[in-house]
Every structure is written in C-alpha cells, then in structure tokens.
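The values are calculated or read from the model by the stated rules, or taken from the named source; none is laboratory data. Model, not experiment: these values are computed from the prediction. Positions of Cβ are backbone-derived with ideal geometry, glycine not excepted, and every protein chain shown enters the neighbour counts.
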C-alpha cells in the first residue's frame, strides 16, 4: 500500500527523542496531523518547531506512566483531530538489571516493565472505542525489540518487557481484527538513538533513525502484523527463535551486559 495513507491523524508516545522523534518527523513530512506525547515538554516543543506545518500538531508533556494524563491527552487529540488513524506506543526505557542485587535493582526492573508494557496498554486503551465507532481502518502500533525474542544476560527486565509487548500485541491483534482495527508490531534491532549510544559493545547492522522510520512507516501502511527492522536482524531473530537452548546458552554465555542503572 502506498504511503498516501500516512496523510492522516497519528498519535505517538515517546516522541521527544529516539524512535518516536524519527517517526514523528517521517509522518510530518508525509503531511500527517500529529499528537505527540513525551515526558520532556521542552524537548517536545523543540522537535515540533522543526517539523513541517508545526502549527497543526499537538504536544502533550505527559509521562506515559501517568495513565490518567495519557488518557486526557488522547481524548484531547481525538477531539482536535476529529478521530484517529494510527497510534504508536513508542515510549520505552532500557537498563541492565541483575536479580542478585534484589531490592537495589527492583525499582529499575519495575520501571522498565511499567514504561514498556503497562504504558503501552494505557496508550492504546483510550483509542479503541473511538476506532470501533468511526468504522474506518485504524492501526495500533507496538514497539517490541529483537531483545524480546530470547532473554539476554543482564537484560532480563528489558527482554521480558519487549517479549511481553510482542505477545500482548499479538493477543490484541486477534481480539480487534473483527472490528477492522489492525495491530502492527515492530521489533527494532540496533537503531542509532540515545538508548543504544550508551552500549559499550558492538552493535551489528546499526541503523540510522531516519531509515528505520521510513521502513517502519511502510510496514505500518501495509498493516504488516509483525516485522523486524532492519531486515538483516530479522534473519538473526528467526535463527535465534529456533536455536536449541543448549546452543543458545553456549553462544551467549559470555555476551556483554547492558550497564546497570541504580535507582
């Protein structure tokens, strides 16, 4: 399907930087009217100032873990835009955690799950009723990760959260299909964003954010149920999925760990 469908109403969380900002720029270039939500209001306003037709977009300085705030932003955007076509739950955080540190790492573990999983639910929830009522094609987009395919050592929280997003979106896809609502799951590999720039290890197939956004928009416009970007990481992900546990354990026994974030 051509990208002409992108000339629509798009709501994106985590929009002030990283994948969210790249997707916002791509959709703005295609003429979409955007609702952009992020915790950092100043960064969000700075982004909007760089977009085509900045006056037609709405900014919401809300933490995705403020579920009532997310709902209020969603309802405001629905009223402003007169409906919704695409919702992208792009907000996410990542940090290394080690279970052996117990209560020291537990708050970080909980924050990652809350931001990556529960906030995805909270982002989608206000839009489903209006999507059903408007009876026009609409899409919910969840952001998984290749890290959600198999558990990575030291990345238990992040891997668990992204695996949960992938499974949750699959459930939602089947649930909403009879209502004409598509659910698209995109699992990025390594994208050159602030989240990955702290990684002190090699990142194969590292992709520029603008190239990721272009590929992601194409997948969203096609209504692709699940895709890995870039495609090379998709091949890796398929291999990881079928790798027997003993081989996987041996291959990743000495894999580098993401740095822990104390809280």
Would you check which residues across the range 46-84 are within 18 Å of residue 125 (Cα to Cα) and out of contact with any strand residue (DSSP E or B) (no Cβ under 9 Å at 6 or more places or on another chain) and list them? 65, 66, 67, 68, 71, 75, 79
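Let's see how each residue does on (1) modelled with pLDDT under 95; (2) closer than 16 Å to residue 143 by Cβ:
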{"position": "26", "(1), (2)": "no, yes"}
{"position": "41", "(1), (2)": "yes, no"}
{"position": "52", "(1), (2)": "yes, no"}
{"position": "69", "(1), (2)": "no, no"}
{"position": "78", "(1), (2)": "no, no"}
{"position": "81", "(1), (2)": "no, no"}
{"position": "100", "(1), (2)": "yes, no"}
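Filter the range 1-14 down to the residues that are modelled with pLDDT under 95 and under 21 Å from residue 208 (Cβ atoms) and list them by number. Working first, answer last.
Start the filter on the range 1-14 by keeping residues that are modelled with pLDDT under 95, which leaves 1-8.
Correct list: 3, 6.
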Would you be able to tell me the number of residues in the range 95-109 that are surrounded by 14 or more Cβ atoms within 10 Å (Cβ to Cβ) and assigned to a helix (DSSP H, G or I)? 3
Among the residues of the range 236-246, what is the count of those that are modelled with pLDDT under 90 and over 28 Å from the mean Cα position of the chain (by Cα)? 0
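Hey, could you check the range 18-42 for residues that are assigned to a helix (DSSP H, G or I), without any contact (Cβ under 8 Å) to a residue 60 or more places away in the chain and surrounded by 15 or more Cβ atoms within 10 Å (Cβ to Cβ) and say which is farthest from the chain's Cα centre (by Cα)? Can you show your working first?
From the range 18-42, those assigned to a helix (DSSP H, G or I) are 18-29, 41-42; that's our starting set.
Then drop every residue that is not without any contact (Cβ under 8 Å) to a residue 60 or more places away in the chain, which leaves 24, 28-29, 41-42.
From what is left, the residues that are surrounded by 15 or more Cβ atoms within 10 Å (Cβ to Cβ) are 24, 28-29.
On the way: 24: 12, 28: 18, 29: 20 Å.
Looking at the filtered set, the residue picked out is 29.
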Enumeration of residues in the range 127-146 that are part of a helix (DSSP H, G or I), surrounded by 21 or more Cβ atoms within 10 Å (Cβ to Cβ) and within 18 Å of the chain's Cα centre (by Cα): 127, 146
Options 119, 91; residue that is buried (at least 19 other Cβ atoms within 10 Å of the Cβ), outside any helix (DSSP H, G or I) and within 18 Å of the chain's Cα centre (by Cα): 91
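Please go through the range 204-234 and pick out each residue that is under 20 Å from residue 151 (Cβ atoms) and part of a helix (DSSP H, G or I). I'd like the intermediate steps shown before the answer.
Initial filter on the range 204-234 (under 20 Å from residue 151 (Cβ atoms)): 204, 226, 228, 233-234.
Residues satisfying the conditions are 233, 234.
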